[in-house]
Amino acid sequence: MPNPLELPQGVLDLLLLKTLALEPLHGWAISQRIQTRTTGDVQVQQGSLYPALHRLERKGWLKTEWAISENNRRAKYYSLTPAGRKQLRAEEAEWLRLALAVSQVLGEV
Amino acid sequence: MFEDLRFRLRALFHSESVEQDLDEELRYHYERQVEHLQNQGHMEAEARRLARLEFGTLDQRKEECRDVNGISWYETLYREFRQSARSLLRRPGFSLGVVFMLALGIGGNLALFSVFNGLFLKPLPIDRPEEIVDINTAAPRWNLERTSVNYFDFHNWRSHNRSFAAMACYDETEANVAFTGEPLRLRGLQVTHDMPQVLRIQPALGRFFSPDEDKPNANRVALISHRIWREQYGSNPSVLGQGIRLDGQGFQIVGVLPSDLRLPIEADFWTPLGEAPVQRQNWYLDTLGRLKPEMTSAKATEDLLRIHKSVPDEMSQLTFPFTVGIRERTFGEMKSYSLIVLAGVGIVLLIACVNVAGLMLVRAQSRRHEMAIRAALGASRWQLSREWLAEAIWLAAAGAAAGILLGLGGLRLIVSLIPDTALPAWVSFEADWRFALLSLVLAATSALFFGAFPALRASRAALRNELAESATRSSASNGQRRSLNGLVIAEVALASVLLVSAVFLGKALWDLSQVQPGFRAENTLVYTVSLPRSQYAKPEQWVNFYSALIEKTRTLPGVRSAAVSSITPLSGHQGNFYLVEGAAPLPKGQSDPVVLRITASPGYLAAAGLTLAEGRDFEPNEGSAPENTTVLVNESFARLYWNKTSPLGKRISQRSDKPKWMNIVGVVKDWKHYGLDRPMRPAVILPQRAAPAPQMSVIVNTASDPLTLARASRELVRQLDSQLPVFRLTTMEERLSRSLWIRRTYSWILGLFAGLALILAVAGLYGVVSYTVALREREIGIRLALGAAPVAIARQVVWNGALLVAAGLALGAVASYFAARSLASLLTGIDPANFWIYAAVGALLLLVALAANLWPARRAARLDPVSIMRSE
C-alpha cells in the first residue's frame, strides 16, 4: 500500500462536511469512514481531526450532541447545520471545478 | 460571527465543562480505537500500545484543540477587566475612596436631576402632552402678569381661533359633601363642556357634559372621580343617575372620571361651568387649549391677540392673551432655583472627578517603572492605556452603581422635604429612562475624564525612555507635578465657587427669616369654613353664623382672641379697584392699582397680630349701618393716595358709577401678605357686617400650642352645623415656614453640597501634598542629611500647599463673583459685592487646607535620612 495522501489545505474540511452529510457521527467513526471510503488513500491525521471538527463547529457549520454510540458508550456526535449544508454545496462545487480544471491541464500535457 | 461568539462565551464562562467535554471526547476516541484493534485480533495490551502510537498523548491532542479555540479580542478584554478588578481589589482603600467620591458626585446629580426631570422634563400624563398650553391674560397696566381669564374673552377666542383643536376653561372649586360619616371638603372643577376634547379622555363610566348642560340654569349634573366612586360607592355602576349634594345642592351623577386623570388638578368632582358670554367683569378662569398639529405656542398667541384686539372696548386694549406650557406656568419660578442647584451639584461631581483623576495619576506614577519595562518589552501605547481605562471603567461603574442607590435615596429625602400639597398631582419623580441615560452618561464621562489622564501618561511613558530615568528613582517629573498642581488649583477654585454661592443663599434665607412678617406667626390657629348657599342664602345668616362661632371660640380655655376674615395672611389674593373721594384723576394711561380686599370681623387685627399705625380698629357691630360704613386701609394704600398726610376721615369707594363712600377710620401697618420676599399691595379691610362673605377663615390667638385647640374648634363648628367640614386647618407658623419651603430646600441642598465640595477638595489637597512629599523623600533625605532644619522642611511643604490653595482661591474669587452676580439676577436679597462673604470663605478654605497640609509636612520633617539613603 502506498503512503497515505497528504491533504491540501481545506480539503479535510470538505471531506468532514461530506461525511457528515449522510448522518451524524462521532469523531472516531468519521475518521474510519473517510479511511474506508478512500480505501485507505486518505488517512486523517489524529492531530488535525479534532481541531478541524472544533473549528467547523465554531464556524457554525457543525453542531454537536452527546448520544449513546454503537458500543453503548457516551460519544459526541457531529452533524451538519443548515449553514454547514450550504457550505458543503459551495465547497463541493468549487472543488469539482478545481479538480476538473486541474485534470484538464494535466490531460493536455 | 454569532456562533463564534457563543462558542467563545461558553469557553469563557464554562471553561471547566468545555475541558471535560474535550477530555471525554478524546478519551472515547482512544478507547474506541483500542476496541477496534482488539476486534482485529490484537490482545488488549498490544491494542492499547498501537492505539497510543497512532493517537499520541491525550494532552497533546487537547492542546491542539485548545489552540483552535484561541484567544480573541473579547477574551483579551475580559482578561484585562478581570486583571484590573483584581488589582483594584488589592487596594481596597484606594478603590473604596474613589467609589465613594464618585457615588457622592453621581448620586447627588441623579437625585437633583430627578427633581428637575419631574418638574420640567417628564411629559404630562396625558395624550400628546406637547400640544397642551395654558392660556391666560396679562394686564401690564396693573402690574398683573396673570389676570386669569374672563368668560366673554374665552368664548370669543374659542369661537374665532384657527390654532386650537379644542379649548376649555375651568375654575377650581371646593364643596362640602356629606356621604356617610364626617362631612368632607372635596376639591372639584367647574369645567366647560369641551374639557374632555382638550385632555383627550374618555369617562370611566357614563358620559361627559353636553353643550346644553354647560349653560346658565341648565340641569345640575356632575361627574365624580374614580376615587370617590371606589371609596364611597364601592365602584358600583348604579351610581349613574344617583344624586349627590355638593354644598347642599343636588346634582345628578352622569359619569365617572378616568382613574388616572391628574389634570388640570386632581379633582373629586366635575360640574359644568355654565357661564354665558355676557359680562366682562370677572377674571377668574383658567384656560387650557390643545394646539392643532404643527401649531406653535407663539403662533397661537398671535392668533389669540388678533381676535382679542378686534373687540372694541377698553378692557381688550388693556389685556393681552398669551399661551405658555403647563410646566412653564406651574414651575416657571422654580426653574432658576433648580438650575442653580443642578449647577452646584455638577460642580461637586467635577471636584470628585478631579480628585479621582489625581489619585489615578498618583497610581500611574507609582507604576511608572512597570509601565516603562512593559513599553520597553514592546507593549503598545494602546495596550498600556487600555489597562488604565479598564480600571477607570470599573471604578466608574461601581461609583455609578453606588451613586444610583444614593441618588434614589437622596431623591426620597428631597421629596419628603416638599410639602404635600405644594406640587400638582401630575408631578412624579420616579426614575425613568432619562434617569438611566444620565446615569450612563455620568459614569461614562467620569470614567473618560479620570481614566484619560493616567492613560495618556502611561502611553507617553511608552514613548520616552523612562526606564533609565526611573532606575534612579528621581522625583516626579515636572509634567506630572504640573498636572497634579493644576488639579488641586481647579478643585479649590470650584469648591470656593460653590461655598460662596451657598453662603450667599444661606445669608439671603437668613435675612428673609429675620424679616418681620407684620402679623403674628406663633400661637395662631387658622381654619376655614364655607357656608353653602342652599342652606345659608342670606348674608345675615353668614354674619350670624360667624359671630356665633367667634363667640363660642372666645369661651374656649386658652383662647386669647378670635376673629374671622375672608383672607388671612399668606392665603391668597382677592382684588378690586377703588375710588378715592376728591383724588385728582390719575394721569392718562395709568390705571388704578389692584387693591387687596379683605372682609373681617371686629377684633381681627388683634387676633391676627396686625398693628395699627394710626386710628382705631372696628368696634363690635361696626358696619351694621349702611349709610355710615367704615373701612381700614394699609400703609401702602395711604401712601399711594395721601403720601404723607393722614388718610383718617377721608372717604373711598369700590369703583362704580354710583360710589358708596366709606370712611377711613384706621391705618394698618403693612404686613407681608404674599410672602416674606414679596412686596405688599395696597389693601383695604371692610367690616364683616358691611360686606359679608359665605366663606371665612377663623383665626385664633392661643395662649399655648395652637394645635391643641384644633379638636375643640372642629367640635364647635360641628355643634353649629354638623354638615360643615372644617378645612385648611393649620397654624400661621406652619404657613410661614411653608411659604419659604422652596428657598429653604434649595439652600439646604446647596449648602450640603458645598460642604461636600469642601471636604472633597481638602481630601484632594491632602492626597496631592502627601504624594509630593513621598516623591521627594530622597531629596528631603539628602537635605536633612546635609543639615537642613526639619522645621524648614515642614515649612516648605506647607508653603507649597498654601501656594496651590492661594492660586485656587484667586481663580475661585473671580469665578465666585460671576456666580454671585448671576445668583443676584435670579434671586432677591443677594449682594454680589459683599466682600465679607468672599473673605470668610477664603479664610475658611485656607485654614482647612493648611490643616490638611500639616500632616504630610510633619511626616516630611520626621523623615530619617539614613534609612532613605540606605534604601537607594
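Can you return the aspartates and glutamates within cross-link range of residue B:122? Criterion is Cα-Cα under 19 Å, with same-chain partners fewer than 8 residues away left out. Once the sequence-local aspartates and glutamates are set aside, what remains near residue B:122 is B:130, B:131, B:134, B:260, B:266, B:328, B:333, B:430, B:432.
Averaged over the residues of A:66-77, the number of partner chain Cβ atoms lying within 10 Å of the residue Cβ comes to 3. The shape of region B:180-329 can be summarised by an equivalent ellipsoid whose semi-axes, obtained from the alpha carbon gyration tensor, come to 33, 18, 14 Å from longest to shortest.
What share of the DSSP beta bridges in the protein assembly as shown is antiparallel, in percent to the nearest 5? Once the DSSP bridges in the protein assembly as shown are tallied, antiparallel ones form about 80 percent. Cβ under 9 Å from residue B:126's Cβ, residue B:126 left aside: what net charge do those residues give with Lys, Arg +1 and Asp, Glu -1? That sum, taken over residues with Cβ under 9 Å, equals +2. At 30 Å minimum axial length over the Cα atoms and a Kyte-Doolittle cut of 1.0, report the qualifying DSSP H helices in chain B, or say none. Long hydrophobic helices here: B:92-116, B:326-366, B:433-463, B:741-775, B:790-826, B:835-861. Counted by neighbouring Cβ atoms within 10 Å, the residues B:867, B:530 run from fewest to most as B:867, B:530. Put simply, the amide H of residue B:246, placed in the peptide plane, has neighbours under 5 Å in B:251, leaving out anything fewer than 5 places away on its chain. Taken about its Cα centre, chain B carries a charge dipole of about 2320 debye when Lys and Arg each add +1 at the Cβ and Asp and Glu each add -1 at the Cβ. The charge dipole of the protein assembly as shown, taken about its Cα centre with unit charges on the Cβ of Lys, Arg, Asp and Glu (plus for the first two, minus for the last two), comes to roughly 2140 debye. Shielding value for B:127-135 is 0, the average number of Cβ atoms from other chains within 10 Å of each residue's Cβ. Each residue in B:552, B:538 was given a count of other beta-carbon atoms within 10 angstrom of its own, and listing them fewest first yields B:538, B:552.
Using amide H atoms built 1.01 Å from N in the peptide plane, name the residues 5+ places from residue B:729, or on other chains, whose amide H lies under 5 Å from its own. Those lying under 5 Å, H to H, from residue B:729 are B:528. Here residue B:660 is the anchor, and the lysines within straight C-alpha reach of less than 23 Å, apart from those fewer than 8 places off in the same chain, are B:538, B:650.
Taking a sphere under 11 Å around the Cβ of residue B:691 and counting the other residues whose Cβ falls inside, with K and R at +1 and D and E at -1, yields a net charge of +3. Between the amide H of residue B:610 and those of B:520, distances stay under 5 Å, these residues lying 5 or more places away or on another chain, with hydrogens modeled in the peptide plane. The angle between the Cα long axis of helix A:11-22 and the longest principal axis of the Cα atoms of chain A comes to about 50 degrees, rounded to the nearest 10. Annotation for region B:230-270 versus region B:150-172: alpha-carbon center distance of 25 Å. The angle between the Cα long axis of helix A:82-108 and the longest principal axis of the Cα atoms of chain A comes to about 30 degrees, rounded to the nearest 10. Reported to two decimal places, what Rg/Rh ratio describes region B:524-626 when computed on Cα atoms with Rh from the Kirkwood expression? Reported Rg/Rh (Cα atoms, Kirkwood Rh): 1.03.
Work out the length of the dipole vector of region B:783-872 about its Cα centre, built from +1 on the beta-carbon of each Lys and Arg and -1 on the beta-carbon of each Asp and Glu, and round it to the nearest 20 debye.
300
Per-residue mean of foreign Cβ neighbours for A:48-60 is 5 (Cβ atoms of other chains, 10 Å radius). Considering only B:826, B:126, B:496, the residue lying farthest towards the positive end of the dipole of the protein assembly as shown is B:496, judged by Cα position with unit charges set on Cβ. Only helical DSSP H runs with n ≥ 4 go in: add -39500 (n - 2.57) per run for the protein assembly as shown, normalise by residue count and round the 222 nm mean residue ellipticity to 500 deg cm²/dmol. Calculated from helices alone, the mean residue ellipticity at 222 nm is -18000 deg cm²/dmol.
Neighbours of residue B:570 by Cβ distance under 9 Å: Lys/Arg scored +1, Asp/Glu scored -1, total +3. Ordered by the number of other Cβ atoms lying within 10 Å of each residue's own Cβ, fewest first, B:680, B:360, B:43 fall into the sequence B:43, B:680, B:360. Of all lysines in the structure, the ones whose alpha carbon falls short of 27 Å from that of residue B:507, not counting any fewer than 8 places away in one chain, are B:335, B:669, B:672.
Read-outs throughout are calculated quantities, based only on the coordinates presented, and are distinct from any laboratory measurement. Treat the numbers as computed from the prediction; the structure is a model and nothing was measured. Glycine also receives a Cβ, built like all others from the backbone with ideal geometry; neighbour counts cover every protein chain displayed.
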